[in-house]
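Accompanying notes for the structure given below.
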Amino acid sequence: MKRLILSAMLIAPLGLLAQSDFTLKGNTKTLATGDKVYLVYMDNGQRITDSTLVNNGAFEFKGKLQATTPVMGNLFRNVNPYKKGANTRFMDYSSLYVEPGNITVNSVDSLKSSINGGTPVNIDNAKLNALLKPLTDKEKALNDEYAAYTKEQKEDKALMDVLIGKFNVIRDQKTPIYLSFVKNNPNSYVSLVQLNTLASNDKVIGEVEKLYATLSADLKASKMGLAIPVTIEATKKTAIGVTAMDFAQNDPNGKPIKLSDFKGKYVLVDFWASWCGPCRNENPNVVEAYAKFKDKNFTILGVSLDGGTTKTTKEDWLKAIEDDKLTWAHVSDMQGWSNEVSKAWGIRSIPANFLIDPNGKIVAKDLRGDALHKKLTELLGSKSK
């Protein structure tokens, strides 16, 4: 009996290791023999890149996943977008989950239109994608419309505002579809992923909290599952109408600055970083808003996510402030994504901002482009004192 028990103990780890193996088989009719397909995914914090050649429309990957949960991956045709100088303008790609088992990728024309399946999470994700298809088709039409714009049209703020507004409508129409999917699939990893995303949306935070309670115990115990309640609480504390949480961090000279120091003014708490391209692109707009409204009881407090694992330095932070002409107050603890304020405020992507009124309440969030100017004009008027 002891020998049998020992044998079972020795076999079990091997079985667990075997379960991490995956095979990915693709069948895409229009891919030419000799085309190169890249598979790129993150595994335990490391980017894994593999490649294979297409033969008669078919290709195959084999690998071993170290992560204990499925991970998002991408297939790219003939272009590795992570290679410096890669031309990604007309890139053909597909997103899928890398997980143990036999993953399938099937399409009649391109990677972009492929239907991925074969494994539980990819099958569930295909179901969700089918529900979203009427809306993703509309998104594709809008993307095609944008691609056809001239340079002058792309620089036309009024035209771009209309286009962005159409995208936002589609985004909002997707939300009830996600919520319905989670409600009907409480044991699916895809449901966990969607709730993780929706947990930062204060418009549906009540529904998200209720649906989280219905998830399986295994999903809740995962790394992502454990993080969702934290995000939910941060979202509740940063919802529009809520009194903003006070905080203190040091400015570049080591002097602590508190959010409450600005009570009595409208203050834009702006989360950004020197390494963040979209942040740097938005900075001229923020500078314009500051110049327009700084004499109307308005100011800005920049919170930088430099340092830490981003490997940027204090010098990088200060240079970006100088180069972008950001002449308002700035703070940072130089801990990157582990910045204590950003964690408390539930920041998961940047740029991100919150507009606080003179009484300390949050009156708007994620104001970018013309939306920032429109909100400030609504609250403060268009003319300087």
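Among Leu163, Leu195, Leu305, determine the one that fluctuates most according to a GNM of the chain built with springs between C-alpha atoms less than 10 Å apart.
It is Leu163.
Please arrange Lys154, Lys138 by accessible surface area, largest first, computed with a 1.4 Å probe and ligands excluded.
So, going from the largest accessible area down, we get Lys138, Lys154.
Nearest 10 degrees, 0 to 90: what angle lies between the long axis of helix 189-198 and the longest principal axis of the chain (Cα atoms)?
Around 10 degrees separate the two axes.
Divide by every residue of the chain the summed helix terms, -39500 (n - 2.57) for each DSSP H run of at least 4, and state the resulting mean residue ellipticity at 222 nm, rounded to the nearest 500 deg cm²/dmol. Don't skip to the end; give the middle numbers.
Details: 12 runs with 160 residues, N = 385.
Estimated from H runs of four or more residues: -13500 deg cm²/dmol.
Might you report the magnitude of the Cβ-based charge dipole of the chain about its Cα centre, with Lys and Arg at +1 and Asp and Glu at -1, to the nearest 20 debye?
360
Over region 86-153, what percent of the accessible surface lies on carbon and sulfur atoms, probe 1.4 Å?
Percent of accessible area from carbon and sulfur atoms in region 86-153: 56.
Compactness ratio of region 188-235: Cα Rg over 2.2 N^0.38 Å, N = residue count?
Against the empirical 2.2 N^0.38 Å value, I get 0.98 for region 188-235.
For helix 2-18, what angle does its Cα long axis make with the longest principal axis of the chain, in degrees from 0 to 90 and rounded to 10?
Compared with the principal axis, the helix lies near 60 degrees.
With both partners inside region 263-353, how many of the DSSP beta bridges are antiparallel, as a percent to the nearest 5?
In region 263-353, approximately 25 percent of DSSP beta bridges are antiparallel ones.
For Tyr290, what accessible surface area do you get with a 1.4 Å probe? Give it in Å², rounded to 10.
40
Who wins for biggest fluctuation among Ile115, Ile164, Ile321 in a Gaussian network model of the chain, springs between alpha carbons below 10 Å?
Most flexible of the set in this elastic network: Ile164.
For Ala364, list long-range residues whose amide hydrogen, built 1.01 Å from N in the peptide plane, is under 5 Å from its own amide hydrogen.
Sorted by chain and number, the residues that satisfy this are Leu355.
Taking the alpha-carbon set of region 157-270, what are its Rg and Dmax in Å?
Both quantities, over Cα of region 157-270: 18.3, 53 Å.
Within straight cross-link reach of Lys361, meaning Cα distance under 23 Å, which lysines are found once same-chain residues fewer than 8 apart are removed?
Partners found: Lys203, Lys236, Lys237, Lys258, Lys263, Lys265, Lys292, Lys294, Lys296, Lys343, Lys374, Lys375.
How much accessible area per residue does the chain have, counting only protein heavy atoms and a probe of 1.4 Å, in square angstrom? Each step should come with its number before you reach the end.
On the way: 21030 Å² over 385 residues.
Computed with neighbouring chains in place, this is 55 Å² per residue.
Given the chain, what whole percent of its Cα pairs are spread farther than 28 Å?
Details: 42869 of 73920 pairs.
The share of Cα pairs beyond 28 Å in the chain comes to 58 percent.
Shape call for region 104-147 from the C-alpha gyration tensor, a ≥ b ≥ c root eigenvalues: rounded (a/c under 1.5), prolate (a/b greater than b/c) or oblate?
Working: a/c = 3.59, a/b = 1.72, b/c = 2.08.
Since a/c reaches 1.5 but b/c is at least a/b, the shape of region 104-147 is classed as oblate.
Taking a probe of 1.4 angstrom, what is the accessible area of Tyr93 in Å², to the nearest 10?
Counting only protein heavy atoms, the figure is 90 Å².
If you fit an axis through the alpha-carbon atoms of helix 157-184 and take the longest principal axis of the Cα set of the chain, what angle between them do you get, 0 to 90°, nearest 10?
For helix 157-184, the angle is close to 50 degrees.
If Lys and Arg each add +1 and Asp and Glu each add -1, what is the summed charge of the other residues whose beta carbon sits under 14 Å from the beta carbon of Asp202?
Numbers: positive: Lys203, Lys236, Lys237, Arg348, Lys361, Lys365; negative: Asp172, Glu207, Glu209, Glu233, Asp366.
Taking every other residue near Asp202 into account, the sum is +1.
Quick one: net charge of Gln249's neighbours, Cβ under 14 Å, K/R +1, D/E -1? Don't jump to the answer; show the numbers that get you there.
Details: positive: Lys255, Lys258, Lys314, Lys343; negative: Asp246, Asp251, Asp261, Asp270, Asp306, Asp333, Glu340.
That sum, taken over residues with Cβ under 14 Å, equals -3.
Going by Cα centres, region 112-158 and region 198-263 are how many Å apart?
Answer, in whole Å: 29.
What residues qualify as long-range amide H neighbours of Ala329, i.e. H under 5 Å apart, gap of 5 or more or another chain, H built at 1.01 Å from N?
Ile300, Gly302
The values are calculated or read from the model by the stated rules, or taken from the named source; none is laboratory data. Everything quoted here is computed from the prediction, not taken from an experiment. So basically every Cβ, Gly included, is an ideal-geometry build from the backbone, and we count neighbours across all protein chains shown. Heavy atoms of the whole protein, side chains included, go into the accessibility calculation; ligands, DNA and RNA do not. Shrake-Rupley method; radii C 1.70, N 1.55, O 1.52, S 1.80 Å.
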